[in-house]
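Here's the structure we're looking at; comments come further down.
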Amino acid sequence: MDIYFAGSIRGGRSDVDLYARIIDLLNGHGEVLTEHVGQQDLETQEAALSDREIHDQDLAWLRRADAVVAEVTVPSLGVGYELGRAVAWEKPALCLYRPGGERDLSAMVRGSDELTVAEYDDPASLDAIVTSFLEECR
Ligand code: 6K6
């Protein structure tokens, strides 16, 4: 199973270590096409790519994916855009959100019937949430 993981980059990198942890979990279920989202040094590594190259490459991976998992606690225009494209392409998409922070989740995500939203407090619960979602995608 090809899995597209989405997480904030220019929206803010405060959750990057959590993204790496989720990517580790996802790797137990299939191939994660976007492991770079969890890399601390992404900006320096990919600085050679133009915005168009990043956009086109990411959309090609998203098109190929069997499932999308997004961590949406840190709001990101790019993640929102990817979720919209995933819905348009009828990809199953799971949005992971930690309530209680500075910003409430967008109504466009929580209010969508075509997105699965899972709220969690403890990252230790992510394994069960992700496993249950991906089992249903198979
Ligand atoms: C070069 C310089 C700074 O950052 C880079 C590399 N940038 C990106 N590389 C790969 N994917 C990206 C990059 N920027 C955004 N994305 C995609 O959009 C990822 O798949 C993320 O899920 C999402 C993040 O969007 P923003 O708006 O938070 O950047």
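The values are calculated or read from the model by the stated rules, or taken from the named source; none is laboratory data. Here the structure is a predicted model, which means the values were calculated and not measured. A quick note on method: Cβ atoms are made from the backbone with ideal geometry, for glycine too, and the neighbour counts reach across all protein chains shown. For accessibility, only protein heavy atoms count, side chains too; no ligands or nucleic acids. Shrake-Rupley method; radii C 1.70, N 1.55, O 1.52, S 1.80 Å.
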Discussion item. Quick check on my filter: what residues within the stretch 4-26 are open to solvent by 50 Å² or more (accessible area, probe 1.4 Å) and among the aliphatic types (A, V, I, L, M)?
Written reply: Ile9
Practice prompt. Consider Ile22 carefully, then state whether it is under 18 Å from Leu134 (Cα atoms) and in contact with a His (Cβ under 8 Å, 6 or more places away or on another chain).
Written response: no
Discussion item. Of all residues being of a type in the set (A, V, I, L, M), part of a helix (DSSP H, G or I) and within 11 Å of the ligand (Cβ to nearest atom) in the stretch 27-60, which is most open to solvent (accessible area, probe 1.4 Å)? Just the residue, please.
Written reply: Ile54
Worksheet entry | Whichever residue in the stretch 64-94 is among the acidic types (Asp, Glu) and under 21 Å from Asp24 (Cβ atoms) and, among such residues, is farthest from the chain's Cα centre (by Cα) | Asp66
Discussion item. Report every pair of residues separated by at least 6 positions or lying on different chains whose Cβ atoms are under 7 Å apart, first residue within the stretch 60-73 and over 17 Å from Cys137 (Cα atoms), second within 10 Å of the ligand (Cβ to nearest atom).
Written reply: Trp61/Tyr4; Trp61/Leu33; Trp61/Thr34; Glu71/Gly7; Glu71/Tyr19; Val72/Val79
Item to complete: For residues that are of a type outside the set (Ser, Thr, Tyr) and in contact with a helix residue (DSSP H, G or I) (Cβ under 7 Å, 6 or more places away or on another chain), scanning just the stretch 109-119, find the one that is most open to solvent (accessible area, probe 1.4 Å).
Response: Glu114
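Among what's in the stretch 67-108 and is of a type in the set (Lys, Arg), within 16 Å of the ligand (Cβ to nearest atom) and not in a helix (DSSP H, G or I), pick the residue that is surrounded by the fewest Cβ atoms within 10 Å (Cβ to Cβ). Can you show your working first?
Taking the stretch 67-108 first, the residues of a type in the set (Lys, Arg) are 85, 91, 98, 103.
Those left that are additionally within 16 Å of the ligand (Cβ to nearest atom): 85, 91, 103.
Add one more test, that the residue is not in a helix (DSSP H, G or I), and what stays is 91, 103.
Numbers: Lys91: 20, Arg103: 8.
Looking at residues that are of a type in the set (Lys, Arg), within 16 Å of the ligand (Cβ to nearest atom) and not in a helix (DSSP H, G or I), I get Arg103.
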Worksheet, complete the sentence: Residues of the stretch 120-133 being surrounded by 11 or more Cβ atoms within 10 Å (Cβ to Cβ) and assigned to a helix (DSSP H, G or I), in sequence order, are Pro123, Ser125, Leu126, Asp127, Ala128, Ile129, Val130, Thr131, Ser132, Phe133
Discussion item. Here is a check on your reading of the model: is Ala48 modelled with pLDDT of 95 or more, more than 11 Å from the chain's Cα centre (by Cα) and of a type in the set (Gly, Ala, Ser)?
Written reply: no
